[in-house]
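Quick notes on the structure that follows.
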Amino acid sequence: MPVPYTVLDERFRRVTLGTATLETLWTGGRWLEGPAYFAAGRYLVWSDIPNNRILRWDETDGSVSVFRQPSHNANGHTVDREGRLVSCEHQTRAISRIEIDGSRTVLVDRVGGVRLNSPNDVIVKSDGTIWFSDPTYGIDSDYEGDAAVSEIGASHVYRYDPASQTCAAVTSDFVKPNGLAFSPDERHLYIADTGATHVRGGPHHIRRFAVGSDGQTLSGGEVFATCDAGLFDGFRFDAHGNLWTSAGDGVHCYAPDGVLLGKISVPEGVANLCFGGPKRNRLFICATTSLYAIYVNAQGCRRP
Ligand code: MG
């Protein structure tokens with residue numbers, strides 16, 4: 001299908017391709033999330049949360065199969081620096097990892113002896129630490145997990161250190177933290193707040209934090225961008241520091257200076273996206289019931 005680009009700043013023309021079209025790779029899910037591209041295997045995995053499964057699209061022949069079911073209502077995923085799948089699981093309220101031999105390890109499901117809410121999205125820093133958001137969407141109902149009362153009573157972002165097996169909150173003032181990503185130089189961490197789902201007129205923005213010289217403490221936290229169409233959920237950076245984010249009407253692209261460069265319209269609300277393909281210049285887009293893809297004139301930054 002043709003791509004309706006909305007160019008709001010001329011810089012958007014340089015990072016998109018006028019002849020590229022939005023392709024539908026697969027449809028038939030309920031709520032798609034968490035795309036993660038495996039360069040070595042040339043495949044993409046993503047979550048179909050209410051259907052309790054992780055799906056896999058094979059780049060070599062375009063086929064789609066069930067990668068893991070039940071998935072414990074997995075949501076966001078990332079690929080760590082050793083090539084392993086790291087996942088957020090709603091039902092187990094945990095961060096898990098698929099090891100090289102295929103076995104599954106629960107890395108963290110509690111903090112201070114108390115159960116997490118329902119990890120939503122996850123990233124791995126170059127030092128191997130795992131950062132994840134923990135809103136309540138997976139315990140708010142039985143649709144995306146098992147309904148339960150939050151034991152923490154709040155929704156934070158956490159840093160888990162696999163070396164010391166310690167986990168600590170790095171934020172304390174979010175309503176519903178959601179997508180997150182480091183800038184390409186890792187000097188800043190960006191975190192979406194989708195609190196508007198629970199609070200009328202609540203947060204529907206992405207905030208920007210400075211990462212301290214210790215690599216783990218955050219400061220700042222000003223609003224970087226406010227969504228003008230629904231909510232920002234998951235997002236990624238390209239190698240030049242442009243932020244490509246999900247939104248209710250498609251994909252929005254922001255320059256490092258916070259200017260909204262343009263939009264790619266998608267027929268369904270977008271929850272998450274990632275760069276992939278051998279040149280990392282293809283955006284894979286999880287949008288409600290369907291997986292879409294489009295080539296762009298930008299490359300995802302090397303870190304997933
Ligand atoms: Mg999310």
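In table form, for the structure just shown:
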item: Members of segment 69-92 that are away from the ligand (no atom under 15 Å from the Cβ) and not polar (S, T, N, Q); result: Pro70, His72, Val79, Asp80, Arg81, Glu82, Gly83, Arg84, Leu85
item: Any hit, segment 215-226, residues being in contact with a Gly (Cβ under 9 Å, 6 or more places away or on another chain) and not in a strand (DSSP E or B); result: no
item: Residue among Gly201, Gly153, Gly212 that alone is modelled with pLDDT under 95 and farther than 17 Å from Val108 by Cα; result: Gly201
item: Residues that are within 13 Å of the ligand (Cβ to nearest atom), part of a strand (DSSP E or B) and either in contact with a Ser or Thr (Cβ under 6 Å, 6 or more places away or on another chain) or among the aliphatic types (A, V, I, L, M) (or both), drawn from segment 234-249; result: Phe235, Ala247
item: Residues satisfying the stated conditions in segment 262-299, i.e. within 18 Å of Ala192 (Cβ to Cβ) and touching an Asp or Glu at 6+ places or on another chain (Cβ under 8 Å); result: Lys263, Val266, Gly269, Val270, Ala271, Asn272, Phe275, Cys286, Ala287, Thr288
item: Single residue of Gly221, Gly276, Gly269, Gly230 found to be of a type in the set (Gly, Ala, Ser), more than 16 Å from the ligand (Cβ to nearest atom) and without any contact (Cβ under 8 Å) to a residue 60 or more places away in the chain; result: Gly221
item: Criterion (modelled with pLDDT of 95 or more, more than 26 Å from Arg302 (Cα to Cα) and under 19 Å from the mean Cα position of the chain (by Cα)) met by exactly one of Pro177, Pro135, Pro119; result: Pro135
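The values are calculated or read from the model by the stated rules, or taken from the named source; none is laboratory data. Just so it is clear, the model here is predicted, and its values are computed rather than measured. No Cβ is skipped: glycine too gets one built from the backbone with ideal geometry, and neighbour counts run over all protein chains shown.
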